[in-house]
Amino acid sequence: MTAAVEKKAHVWERDQLDWYVEPPAATEALLTVERFAGRVFDPCCGQGNIVRTLIDCGVQAYGSDIRQRVWPQPTWFVAEADFLAGDANGPHPNIVMNPPFFRAKGAEAFIRHAIGQASAKVAAFVDVRFLAGADRANGLFAEHPPHRIWVITPRVSCPPGSFLADGGKAGNGSSDWCWLVWDLTAPAPARSEFGWLRRPTTKAM
């Protein structure tokens, strides 16, 4: 895959597979408000930030990706697999992921598939603009309203994984991000709970 090319300060050429990397602090912040009973699967784990952070926090976690992006292969990486094609079907008690966005269609497809695979919780890290689409308001969110919406503050930077793999460093974020959480053990909510996650300080990626 062609490495992402930095165009100017914190603006990059779009990654071909929409591989953008959230910092560990985003997952650390999620764990201040959400608990996961049982193992956690990340079907688009990339270099493993979500999985590694969960493991570091005492959660049993494992991951796969359409491409293996971490070498040598760690014990938590279970397969090179296309999640949407059913290559990594469960059962998975919990799914926590930063899905490839692909102009929202990719994120929605991953969320729908995850809801069908998980038995406890699904948490998806998405651009805040994902909440505003009319098609999703009348489709995904009407059919599967998230139980909780957690906005990350201050902003985090999510550069292309290829940029980081080439030695680049994440800078200040320019987009807003949130976690959407579905609790599949509870009834569908009449209204989604909304709150802010004031992420803890962590070492730089």
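The values are calculated or read from the model by the stated rules, or taken from the named source; none is laboratory data. Given the structure is predicted, the values throughout are model-derived calculations rather than measurements. Every residue, glycine as well, gets a Cβ built from its backbone with ideal geometry; the counts of neighbours run over all protein chains shown. Please note that ligands, DNA and RNA were not included when accessible areas were found on the heavy atoms of the full protein model with its side chains. Shrake-Rupley method; radii C 1.70, N 1.55, O 1.52, S 1.80 Å.
Rounded if a/c is under 1.5, else prolate if a/b is larger than b/c, else oblate: which is segment 97-150, with a ≥ b ≥ c the root eigenvalues of its Cα gyration tensor?
Rounded shape, in that the Cα axes give a/c under 1.5.
Where in segment 32-57 does the label zone of residue 80 land, with the point 7 angstrom along Cα→C-beta and an amide N cut-off under 19 Å?
Only 42-49 fall inside the zone, counting backbone N under 19 Å.
Can you order the peptides 185-191, 72-78 by their average number of other Cβ atoms within 10 Å per residue, highest first?
Descending mean neighbour count gives 72-78, 185-191.
For 152, 115, write out the residues from largest to smallest accessible area, computed with a 1.4 angstrom probe and no ligands counted. Each step should come with its number before you reach the end.
Values: 152 5, 115 25 Å².
Result, largest first: 115, 152.
Evaluate the distance, in nm, between pseudo-label points positioned 7 Å from the Cα of residue 176 and of residue 67 along their respective Cα→Cβ axes.
Result for the modelled spin labels: 3.2 nm.
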